[in-house]
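Participant: Right, I'll just put the structure down here and ask away after.
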There are 2 protein chains.
Amino acid sequence: MAKHKYAIGVDFGTESGRAVLVEVAAGKEIATAVYPYSHGVIDEFLPGSKIRLEPDWALQDPEDYIRTFKKTIPAVLKQSGVDPADVIGVGIDFTACTMMPVKADGTPLCRLADANARKNPHAWVKLWKHHAAQPEADKINMTARQMNQAWLDRYGGKISSEWFFSKTLQILDEAPEIYAAADRLIEAADWVIWQLTGVETRNSCTAGYKAIWHKRDGFPGDEYFAALDPRLEHVVDEKLSRTMAPLGGRAGDLTPQAAQWTGLRPGTAVAVANVDAHVSVPAAAVVEPGRMVMIMGTSICHMVLGTQEHTVPGMCGYVEDGIIPGFFGYEAGQSGVGDIFAWFVDHAVPPEYHAAAKKRKMDLHKALELEAAKLKPGESGLLALDWWNGNRSVLVDVDLTGMLLGATLATQAPEIYRALIEATAFGTRVIVEAFDKNGVPVNELVACGGLPEKNKLLMQIYADVTGREIKVTASKQTPALGSAMHGAVAAGKKANGYDSIFDAAHKMARLKKETFKPIPANQQVYEKLYADYVTLYDYLGRGANDVMKRLKAIRAEARY
Amino acid sequence: MAKHKYAIGVDFGTESGRAVLVEVAAGKEIATAVYPYSHGVIDEFLPGSKIRLEPDWALQDPEDYIRTFKKTIPAVLKQSGVDPADVIGVGIDFTACTMMPVKADGTPLCRLADANARKNPHAWVKLWKHHAAQPEADKINMTARQMNQAWLDRYGGKISSEWFFSKTLQILDEAPEIYAAADRLIEAADWVIWQLTGVETRNSCTAGYKAIWHKRDGFPGDEYFAALDPRLEHVVDEKLSRTMAPLGGRAGDLTPQAAQWTGLRPGTAVAVANVDAHVSVPAAAVVEPGRMVMIMGTSICHMVLGTQEHTVPGMCGYVEDGIIPGFFGYEAGQSGVGDIFAWFVDHAVPPEYHAAAKKRKMDLHKALELEAAKLKPGESGLLALDWWNGNRSVLVDVDLTGMLLGATLATQAPEIYRALIEATAFGTRVIVEAFDKNGVPVNELVACGGLPEKNKLLMQIYADVTGREIKVTASKQTPALGSAMHGAVAAGKKANGYDSIFDAAHKMARLKKETFKPIPANQQVYEKLYADYVTLYDYLGRGANDVMKRLKAIRAEARY
């Protein structure tokens, strides 16, 4: 291999898209370009209109995804000086479930010339964090329980309002004309691959985790959908597809039009779409059971591989081949982590800390971290429940709320900051133990995402609380690297790529040498605090005292 | 009565002393002067020394009390132009238990020429909030339980570390030489009266509420004190007195020396000493059962009169004739109220609120109150336990801590501020109901102190939560007015004063016309929130889950 070959990974995030050009043999990241979506998250008005969205809505403009290709891929080619002929493959990953209604030719309904369609919010892309489909999710869950649907167990007993059929049912409920006009309902991940290759290819990962699809059992039966709503009876055959492409496969070749957008050669291999969290697992060098990958940012997504099918209470779901071929890919999550720290910094830190951080030219998070790091475990006297944004795993309950206990007249902001970090670490431990006790061992943690880079105290606390060593990915853009790896696998060994994601992971993925090991003295204290965390977790989270739900109900009554 | 007569009340607070000159016939407050103690609260170093105090210590310099007389009484005379011959009486009230060791002639041990005494912190005045005698309080309580001492029930089952014998035992434990050198151990309230009259006169109020004295049973028996510590066996006869002067009585006449300090005439009537909270009751025009007086500031003191002897769980104590002659005076308290709001404003409000308040030239408390007032009951979705400074009534537990529940990523500072106010109102309701259900009716509330002046939202919430009308005293300096009333009673009707505190209260005490009445719609919501408050109160405060105590123990271990 005299000449280097390259792959490009494109990571479609919530606010922007990012392309990374990676050298294939050793995984070296050569160039990066980011495109902030021109319309970002649409949660107030539809673009160019005065049509106001309801609370909890979150939409996107699919044209922003095409612009991401047009802006970022030429940019990384230019930055690196790499010959497009040496780019052997392209892979992408996306937020999920981020879905949209399109015509049979792939045209999004919001992009039709028909102004009536454009003006209907349901014609646009529903972003993962569109939270307005809770009544539909409730109906999906209730109907599933009534009909004793076995698949419910695969998702911790509850389908989320964020997922595919909740959003689908909301379209049907609120805009039946949009539902009728949509020839296809599709994940944005698959839609962008369709735009690159000209072929509709649906990936098994989003289908499995977000659309109740199972490798052997397929989707829930038509009779279930009919019970949900008679108009939905044939939704799978009418709007989806029963054929799913496995991860690591080749979705197709780059079309001449997409080649024109990107500056790549027509015919370049394009990988099957993937999800940002899931694609990070091989990019974190994890292609075997026993090691949990944590994608740590505003929230945490926990991924672990298993050799057998197990039901783990409160997980988000498990999918055979859903992360790495040959394994059951298990997913769990914490719905608020970095978001809670950001809330605290924005809403509960007095001016002197802001001023001191500014004086030191330091981010306030960093300043609080340094102060909090001076405290010993338990020294704050505080204990929190990390439910500011509900609890995803293991309670699967969006109506739970945050709690802080132990405050005195001497309590200081860095103590609360530390207690909040500790609470999220306890939340992770609950998840780790749920897996560990239910046949999916977790011996080691591998972290990626923004938080591990930013907050060493947090990482040490997570190691101390979970009693497990934590490794950190070398790449700061793990999802994009994972997508590039899938691009190299789509190209295959004959094209100087790889024939499997295992090979790609061994060659292209790297971890930092520095790891976080549990400190025994800290573990001892956290053992006690964790016991109290669990007691309160169970008391307030499992029905003994539903005060949080009552407060939410009283609040809703007071507001409307 | 052609010529007006006057009385002076002197209120000895935590940080300063205040004199008010009051016209006797109608209670008009003519002049006020305040003396900020030169040494304030001594909690770091002994004055003029490098002797550092332990945490939780709080001392005072008795010379500051004398200086209060010297500075404030001449000042009110000068301001008003009143002829000293027309001042018929002087009364005082004091924080309690604020106590000190003195020689037989009244000289405080810390004022002896002997430098060794001066350098011993135990030679100084122990202020009410000196909290370092908890081990001694624990021993007092344990011994009392072991010996089945009936008096324990009079104090809600627990003697506080703030009270007289806890402080006495701490002196004996830690400085037996000071204990031995002290001819008398005395409340500062009684000591200042001694300084004015030349006669040691002990008041029944502090004795009853703070020193386990009972009108018929007297002090605990010598055998109890001997069990506590053999050296304490004869403490009452050696260091105290078994004779108590009733409130409203005349302690004596102003000495020539005191006349020189104050500019008053020698022989002016001096009333028996009183406590700041208790003296406020007649000054709030309450001289009958059924109306609870709340002295609302950093904490709340609740006082109510009863015609019969009842044991109310968790009250601070009851004393026959302890507030108004002929009634049982019941006292309860909330250890943190204004203090919690101050903590919040200082430690948990982000800069934009500080800036906005500053821009409006408004106190931040006021700005938050205005924002919080825009919310409906229940609209914050939050619920708090008001235990930032422990819980005095009804749980009598200093190891309880604050809790906030219901936070989301959208929670704003004014919502928390309102939740904290509501929590203190719920805390008051628990106390009101404890009395009401145990034979001491509470039909109406009368508020005095700093908070009712400052925060109308708070007053309305208290009315809504307790379901009771709240009246507010017209005077902004109720304790000093109450002391002046007692001065007028000490002088008696013959001297153009009054023969009883009932007469004085009818003539001299006034309430504002504006009252706070419960709003039925608000009451309905608070009924629900209160039910949840009580559930959490019982769960976290009565032993079902002692997490707060465990956190304090873990914190103590981590710190030391």
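The values are calculated or read from the model by the stated rules, or taken from the named source; none is laboratory data. Note that this is a predicted model, so its numbers are computed, not measured. Virtual Cβ from ideal backbone geometry, glycine too; neighbours counted across all protein chains shown. Heavy atoms of the whole protein, side chains included, go into the accessibility calculation; ligands, DNA and RNA do not. Shrake-Rupley method; radii C 1.70, N 1.55, O 1.52, S 1.80 Å.
Participant: When you scan the stretch A:301-311, do you find a residue that is assigned to a loop (DSSP other than H, G, I, E, B) and surrounded by 19 or more Cβ atoms within 10 Å (Cβ to Cβ), even just one? First the steps, then the outcome.
Facilitator: In the first step, residues of the stretch A:301-311 are kept if they are assigned to a loop (DSSP other than H, G, I, E, B); the result is A:307-311.
Now drop any that are not surrounded by 19 or more Cβ atoms within 10 Å (Cβ to Cβ), which leaves none.
No.
Participant: Being out of contact with any Asp or Glu (no Cβ under 8 Å at 6 or more places or on another chain), open to solvent by less than 20 Å² (accessible area, probe 1.4 Å) and acidic (Asp, Glu) narrows it down to one residue among B:Asp499, B:Asp464; which is it?
Facilitator: Numbers: B:Asp499 fails: open to solvent by less than 20 Å² (accessible area, probe 1.4 Å).
Answer to the selection: B:Asp464.
Participant: Considering only the stretch B:374-396, state which residues are touching a helix residue (DSSP H, G or I) at 6+ places or on another chain (Cβ under 6 Å) and away from every other protein chain (no Cβ under 14 Å).
Facilitator: B:Ser393, B:Val394, B:Leu395
Participant: Out of the residues in the stretch A:127-151 meeting the condition of being free of Cβ contacts under 8 Å to residues at least 60 places away in the same chain and assigned to a loop (DSSP other than H, G, I, E, B), tell me which one is least open to solvent (accessible area, probe 1.4 Å).
Facilitator: Checking each candidate, the answer is A:Ala133.
Participant: Could you say whether any residue in the stretch A:87-100 is in contact with a Ser or Thr (Cβ under 6 Å, 6 or more places away or on another chain) and part of a helix (DSSP H, G or I)?
Facilitator: no
Participant: Looking at B:Leu445, B:Leu451, can you tell me which residue is open to solvent by 10 Å² or more (accessible area, probe 1.4 Å) and under 18 Å from the mean Cα position of the chain (by Cα)? Before you say what the answer is, go through the steps one by one.
Facilitator: Details: B:Leu445 fails: open to solvent by 10 Å² or more (accessible area, probe 1.4 Å).
Of the residues listed, the single one that is open to solvent by 10 Å² or more (accessible area, probe 1.4 Å) and under 18 Å from the mean Cα position of the chain (by Cα) is B:Leu451.
Participant: So A:Ala367 passes all but one of these: (1) touching a residue at least 40 places away in the same chain (Cβ under 8 Å); (2) among the hydrophobic types (A, V, I, L, M, F, W, C); (3) more than 7 Å from chain B (Cβ to nearest Cβ); (4) more than 30 Å from A:Met485 (Cα to Cα). Which condition number does it fail?
Facilitator: Result: A:Ala367 fails condition (1) only.
Participant: Can you pull out the residues in the stretch A:452-477 that are aliphatic (A, V, I, L, M), in contact with a strand residue (DSSP E or B) (Cβ under 7 Å, 6 or more places away or on another chain) and not in a strand (DSSP E or B)?
Facilitator: Listed by number, the residues that qualify are A:Met459, A:Ala463, A:Ala474.
Participant: In this structure, does B:Ala117 turn out to be modelled with pLDDT of 95 or more, in a helix (DSSP H, G or I) and open to solvent by less than 20 Å² (accessible area, probe 1.4 Å)? Before you say what the answer is, go through the steps one by one.
Facilitator: Working: modelled with pLDDT of 95 or more: no; in a helix (DSSP H, G or I): yes; open to solvent by less than 20 Å² (accessible area, probe 1.4 Å): yes.
No: the conditions fail for B:Ala117.
Participant: Here's a follow-up. If a residue must be open to solvent by less than 10 Å² (accessible area, probe 1.4 Å) and either farther than 16 Å from B:Ala211 by Cβ or of a type outside the set (Val, Ile, Thr) (or both), how many such residues does the stretch B:96-107 contain? Steps first, answer last, please.
Facilitator: So the first thing to find is which residues in the stretch B:96-107 are open to solvent by less than 10 Å² (accessible area, probe 1.4 Å), and the list is B:97-102, B:106.
So of that shortlist, the ones also either farther than 16 Å from B:Ala211 by Cβ or of a type outside the set (Val, Ile, Thr) (or both) come out as B:97, B:99-101, B:106.
So the count comes out to 5.
Participant: Follow-up. Being touching a residue at least 60 places away in the same chain (Cβ under 8 Å), not in a loop (DSSP other than H, G, I, E, B) and not hydrophobic (A, V, I, L, M, F, W, C) is the filter here; which residues of the stretch A:50-61 pass it?
Facilitator: Within the stretch A:50-61, A:Gln60 is the sole residue that qualifies.
Participant: Looking at the stretch A:312-331, which of its residues are open to solvent by less than 20 Å² (accessible area, probe 1.4 Å) and at positive phi?
Facilitator: A:Gly314, A:Gly317
Participant: Let me ask another. Out of the stretch B:339-352, which residues are outside any loop (DSSP other than H, G, I, E, B), more than 31 Å from the chain's Cα centre (by Cα) and either at the interface with chain A (Cβ under 9 Å from one of its Cβ atoms) or under 23 Å from B:Lys129 (Cβ atoms) (or both)?
Facilitator: Filtering the stretch B:339-352 down to residues outside any loop (DSSP other than H, G, I, E, B) leaves B:339-347, B:351-352.
Restricting the remaining residues to those that are more than 31 Å from the chain's Cα centre (by Cα) gives B:351-352.
Matches in the stretch B:339-352: B:Pro351 only.
Participant: Given the criteria of a type in the set (Phe, Trp, Tyr), under 29 Å from A:Ile416 (Cα atoms) and within 14 Å of chain B (Cβ to nearest Cβ), does A:Tyr539 qualify?
Facilitator: Details: of a type in the set (Phe, Trp, Tyr): yes; under 29 Å from A:Ile416 (Cα atoms): yes; within 14 Å of chain B (Cβ to nearest Cβ): yes.
The answer is yes for A:Tyr539.
Participant: Being under 30 Å from A:Tyr6 (Cα atoms), surrounded by fewer than 19 Cβ atoms within 10 Å (Cβ to Cβ) and in contact (Cβ under 8 Å) with a residue 60 or more places away in the chain: is that true of A:Ala75 here?
Facilitator: Details: under 30 Å from A:Tyr6 (Cα atoms): yes; surrounded by fewer than 19 Cβ atoms within 10 Å (Cβ to Cβ): yes; in contact (Cβ under 8 Å) with a residue 60 or more places away in the chain: no.
Spelling it out, it is not the case that A:Ala75 is under 30 Å from A:Tyr6 (Cα atoms), surrounded by fewer than 19 Cβ atoms within 10 Å (Cβ to Cβ) and in contact (Cβ under 8 Å) with a residue 60 or more places away in the chain.
Participant: Of the residues B:Val446, B:Val432, only one is among the β-branched types (Val, Ile, Thr), part of a helix (DSSP H, G or I) and touching a Lys or Arg at 6+ places or on another chain (Cβ under 8 Å); which?
Facilitator: Details: B:Val446 fails: part of a helix (DSSP H, G or I).
Exactly one of B:Val446, B:Val432 is among the β-branched types (Val, Ile, Thr), part of a helix (DSSP H, G or I) and touching a Lys or Arg at 6+ places or on another chain (Cβ under 8 Å), namely B:Val432.
Participant: A follow-up question, please. Can you name the helices (runs of 4 or more DSSP H) wholly within the stretch A:168-211 that have at least 2 residues being open to solvent by less than 10 Å² (accessible area, probe 1.4 Å)? Quick ask: steps written out before the conclusion?
Facilitator: Details: elements: A:176-181, A:188-197, A:204-210.
Because the criterion is at least 2 residues that are open to solvent by less than 10 Å² (accessible area, probe 1.4 Å), the helices (runs of 4 or more DSSP H) in the stretch A:168-211 that meet it are A:188-197, A:204-210.
Participant: Kindly indicate which of A:Lys476, A:Lys454 is under 26 Å from A:Thr424 (Cα atoms), of a type outside the set (S, T, N, Q) and without any contact (Cβ under 8 Å) to a residue 24 or more places away in the chain.
Facilitator: Values: A:Lys454 fails: without any contact (Cβ under 8 Å) to a residue 24 or more places away in the chain.
Just a single option satisfies the conditions, and that option is A:Lys476.
Participant: Take the residues in the stretch B:522-556 that are charged (D, E, K, R) and part of a helix (DSSP H, G or I); name whichever of them is least open to solvent (accessible area, probe 1.4 Å).
Facilitator: B:Asp532
Participant: Turning to a different aspect of this structure: Just need a number here: residues in the stretch B:332-347 that are of a type outside the set (S, T, N, Q) and open to solvent by 10 Å² or more (accessible area, probe 1.4 Å). Even if it seems obvious, please write down each step before you answer.
Facilitator: Filtering the stretch B:332-347 for residues of a type outside the set (S, T, N, Q) gives B:332-333, B:336-347.
Okay, now just the ones that are also open to solvent by 10 Å² or more (accessible area, probe 1.4 Å), so B:338-339, B:342-343, B:345-347.
Total satisfying the criteria: 7.
Participant: Can you tell me which residues in the stretch A:277-300 are assigned to a strand (DSSP E or B) and buried (at least 24 other Cβ atoms within 10 Å of the Cβ)?
Facilitator: Step one: list which residues in the stretch A:277-300 are assigned to a strand (DSSP E or B), which gives A:290-296, A:300.
Correct list: A:Met292, A:Val293, A:Met294, A:Ile295, A:Met296, A:Ile300.
Participant: Sticking with this one: So which residues in the stretch B:335-356 are under 13 Å from A:Thr408 (Cβ atoms) and in contact with a Gly (Cβ under 6 Å, 6 or more places away or on another chain)?
Facilitator: Matches in the stretch B:335-356: B:Ser335 only.
Participant: For the list (1) among the hydroxyl-bearing types (Ser, Thr, Tyr); (2) under 15 Å from B:Val337 (Cα atoms); (3) in contact with an Asp or Glu (Cβ under 6 Å, 6 or more places away or on another chain), I need the number of the one condition that B:Thr401 fails.
Facilitator: (3)
Participant: Out of all the residues in the stretch B:501-517, is one or more touching a residue at least 40 places away in the same chain (Cβ under 8 Å) and over 26 Å from the mean Cα position of the chain (by Cα)?
Facilitator: Looking for residues that are touching a residue at least 40 places away in the same chain (Cβ under 8 Å) and over 26 Å from the mean Cα position of the chain (by Cα), one finds at least one in the stretch B:501-517, hence yes.
Participant: Turning to a different aspect of this structure: Is the stretch B:409-423 home to any residue that is of a type outside the set (A, V, I, L, M, F, W, C), within 10 Å of another protein chain (Cβ to nearest Cβ), touching a Gly at 6+ places or on another chain (Cβ under 7 Å) and crowded, with 20+ Cβ neighbours inside 10 Å?
Facilitator: no
Participant: Please find, among A:Thr72, A:Thr68, A:Thr98, the residue that is touching a His at 6+ places or on another chain (Cβ under 9 Å) and among the β-branched types (Val, Ile, Thr). Don't jump to the end; show me each part of the working.
Facilitator: Values: A:Thr72 fails: touching a His at 6+ places or on another chain (Cβ under 9 Å); A:Thr68 fails: touching a His at 6+ places or on another chain (Cβ under 9 Å).
The unique qualifying residue is A:Thr98.
Participant: I'm trying to understand the selection: among the residues of the stretch A:1-49, which are without any contact (Cβ under 8 Å) to a residue 40 or more places away in the chain and open to solvent by 40 Å² or more (accessible area, probe 1.4 Å)?
Facilitator: A:Ala2, A:Glu15, A:Lys28, A:Val34, A:Pro36, A:Ser38, A:His39, A:Asp43, A:Glu44, A:Phe45, A:Gly48
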